[in-house]
Amino acid sequence: MEIGDYSFPDDLLYDREHNWAQIDGNTATIGMTDFGQDLAGEIIYAETPLVGREITFGEPFVSLESGKWVGRIKAIVTGKIIEANEELEWEGTLINDDPYEEGWLAKVELGAEPEGLLKANDPEFAEFIASEREKYGK
Amino acid sequence: MNLYDLGRVPWLESQLIYHAFPRLGMEGLILLAPAEPYVCIGYHQDAEQEVDLAYCREHDIPVFRREVGGGAVYLDGQQLFFQLIIHRDNPLAPRDRVEFYRTFLAPVAQSYQDLGVKAHHRPVNDIITEAGRKISGTGAAEIDDYAVLVGNLIADFDYETMVRVLRVPDAKFRDKVFKSLRENLTTLHRELGQAPPWQTMVDTLARNFESVLGPLTPAELPEVVQEKVAELARTHTTEEWLLAPRRRFREDRKVKIAEGVEVVQRVHKAPGGLIRGTVETQHRKIVAVGLSGDFFFYPAGKLADLEQALVGIKMAELQHVLEEYYHTNAIESPGVTPEDLAVALGAASAR
């Protein structure tokens, strides 16, 4: 689904911090949305999440840097990181160029059922993105 | 918002105070200078890769990892630092990062103008003079629910010590970094012939920030900040914190001087030998080149000519120019092709 200049694949779930999750059984692949990467600007470095680390929904678990700005990414799900995209350490711009494929952040073994996530075609999600675009002037 | 004009404070406090504010739920504008020199590295940098830690130890120069982005820098009392801590929901703080920098670097650029230097903000986060030289170091971070912006008015700068504390492969590279720093980073002292009085800088900066933040109320640091600083000192001064492996490097060694200005050294192993290329670029255009290594290059003397011939060309033209040079000058370099030289100079990925 396209909202403005931003792409939001229909098969993913989204939070209100500009992250996405693809749920497959008890595993979630997570990353930053197209809108999120645009807000961040050119990402010169993304920290590789530590495999084995427990993460909690809404809590920062990894950092990235763009324009000398260190930002924190909040976890979209609760669980344990079982795989991390190590290529991001060398090419942070993968998140900018391909946020839903090559720019994925981590795979997480779910520790709790994801709650409060939205689908791209959910009217509530469209409203949220519209308000975010207004807030950020995007 | 409160204004904390702290004057000179111990170097560690000059860093930890602004780290304490967001953790205490406090906003504020802090103006200060470190009482002692130290080296400060960016949050994602690898201290051992970036800084000559042995040199710093020998010379009692402390090294600190801040939670803000950017690169390694040698700081001392010749810079007046501003540290703005503002809640992300404060209506004065634009949520967009480009706008955030634009809003809060405007008073810094205006301060330079008021002090007599025609400087302006160049997005994303540089303050530059009319001649295009950087004149302020800035960086930002999200810490808890706060945006933190730090930067400085540079009264003067110790270029020699700056390049000495950096970890670089050899003297030639260090020399290139020094020359590039001198060329691309300037100071109030260099621009005006002398640095303005300290209090004038403080007053100017505070007044210009007021035009964006509204009236600032002079305040003293509450005791709770000192307690939090003491607590943070226990974690942020450990070897574990400083030496935590962050960003790693492959064979490239890159020092960013200013936006669009870089010095890169790359070692490339060609069949004919190891090539060490050093290249300084400004907006992808070559400014200076160095080529060395254990490969053969004939006719003798043509390697130095080649280095000169590459000055002024765009990186995108590099391989083509090298091929032309080889052809025109009948170059023979067994096991080293123009493409190898281009790779050593960073034209294509050697990964």
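The values are calculated or read from the model by the stated rules, or taken from the named source; none is laboratory data. Remember, it's a predicted structure, so these values are computed and weren't measured experimentally. Positions of Cβ are generated from backbone atoms using ideal geometry, with glycine treated the same way; all protein chains shown enter the neighbour counts.
Looking only at residues of the stretch A:125-138 that are within 15 Å of A:E17 (Cβ to Cβ) and more than 9 Å from chain B (Cβ to nearest Cβ), we find that the one that is surrounded by the fewest Cβ atoms within 10 Å (Cβ to Cβ) is A:S131. Does B:D126 qualify as being more than 14 Å from chain A (Cβ to nearest Cβ) and under 27 Å from B:Y43 (Cα atoms)? Spelling it out, it is not the case that B:D126 is more than 14 Å from chain A (Cβ to nearest Cβ) and under 27 Å from B:Y43 (Cα atoms). Only helices (runs of 4 or more DSSP H) whose full extent lies in the stretch B:173-280 are considered here, and the ones with at least 2 residues that are touching a strand residue (DSSP E or B) at 6+ places or on another chain (Cβ under 8 Å) and at pLDDT 95 or above are B:188-192, B:198-213. Got at least one residue in the stretch B:43-55 being crowded, with 21+ Cβ neighbours inside 10 Å, in contact with a Leu (Cβ under 9 Å, 6 or more places away or on another chain), within 14 Å of chain A (Cβ to nearest Cβ) and at pLDDT below 95? Among the residues of the stretch B:43-55, at least one is crowded, with 21+ Cβ neighbours inside 10 Å, in contact with a Leu (Cβ under 9 Å, 6 or more places away or on another chain), within 14 Å of chain A (Cβ to nearest Cβ) and at pLDDT below 95, which makes the answer yes. Criterion applied to B:R88, B:R102, B:R97 was being surrounded by 18 or more Cβ atoms within 10 Å (Cβ to Cβ) and within 12 Å of chain A (Cβ to nearest Cβ), and the one residue passing it is B:R97. Filtered by the rule that a residue be small (G, A, S) and assigned to a helix (DSSP H, G or I), the stretch B:301-323 gives B:A304, B:A309, B:A316.
Could you grab me the full set of residues in the stretch B:102-124 that are under 17 Å from the mean Cα position of the chain (by Cα) and free of Cβ contacts under 8 Å to residues at least 40 places away in the same chain? Passing the criteria: B:H121, B:P123. Just one of (1) at pLDDT 95 or above; (2) more than 23 Å from the chain's Cα centre (by Cα) fails for B:R88. It is (1). Scanning the stretch B:44-94 for residues that are in contact with a strand residue (DSSP E or B) (Cβ under 9 Å, 6 or more places away or on another chain) and in a loop (DSSP other than H, G, I, E, B) yields a count of 19. If a residue has to be surrounded by 21 or more Cβ atoms within 10 Å (Cβ to Cβ), within 18 Å of A:E101 (Cβ to Cβ) and either within 14 Å of chain B (Cβ to nearest Cβ) or touching a helix residue (DSSP H, G or I) at 6+ places or on another chain (Cβ under 9 Å) (or both) to count, how many in the stretch A:37-83 make the cut? Residues flagged as surrounded by 21 or more Cβ atoms within 10 Å (Cβ to Cβ), within 18 Å of A:E101 (Cβ to Cβ) and either within 14 Å of chain B (Cβ to nearest Cβ) or touching a helix residue (DSSP H, G or I) at 6+ places or on another chain (Cβ under 9 Å) (or both) within the stretch A:37-83 amount to 7.
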